[in-house]
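Below: the structure, in structure tokens.
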Amino acid sequence: MATLVLSLSACNSVSILKGSGYSDPRLSGRIDRAYEARDACLAKNAAPSISGELDIANIAKAVSLSCMPETDRLIAMVNPHHDPRVTTAMLKDNDDKAMRYVMLARGEARS
């Protein structure tokens, strides 16, 4: 019986994503493009920051903040119901990616 329930719930797993818009191919494409725009902004702004400031954390924070318009657009698409947990997770992702791009620009990390 448990196997049957698990099997049936696996068939319905796609419906879990419907609330987030991933069942809509156009929205999914716009979300993908928003991620790409945010990542491109982070990469572009991390590159010039390799000189001057020595503290990687400060550089990454500045890079993250410089891309807030792109990040805000991304959050608005992914989190239309304004769940603070989703917003917090996406802001953390933004900061983590900024740190990664700064480290890549300095040659301190691998892609």
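Please treat every number below as a calculation from the coordinates, not as lab data. From a predicted model like this one, the values you see are computed outputs, not experimental measurements. All Cβ positions, even for glycine, are placed from backbone atoms using ideal geometry, and neighbour counts span all protein chains on display.
So between I56 and R106, what do we pick up on full extension, going 0.36 nm a residue minus the alpha carbon distance?
17.1 nm
If you keep only loop residues by DSSP, which GluC sites (Glu not before Pro) in the stretch 36-96 have at most 13 other Cβ atoms within 10 Å of their Cβ?
The qualifying sites are E53.
Per residue and in Å³, how big is the convex hull formed by the alpha-carbon atoms of the stretch 34-111?
Here the figure is 77 Å³ per residue.
How far apart, in nm, are two points set 7 Å out from the Cα along the Cα-to-Cβ line at R26 and at D93?
Simple spin-label model gives 2.3 nm for this pair.
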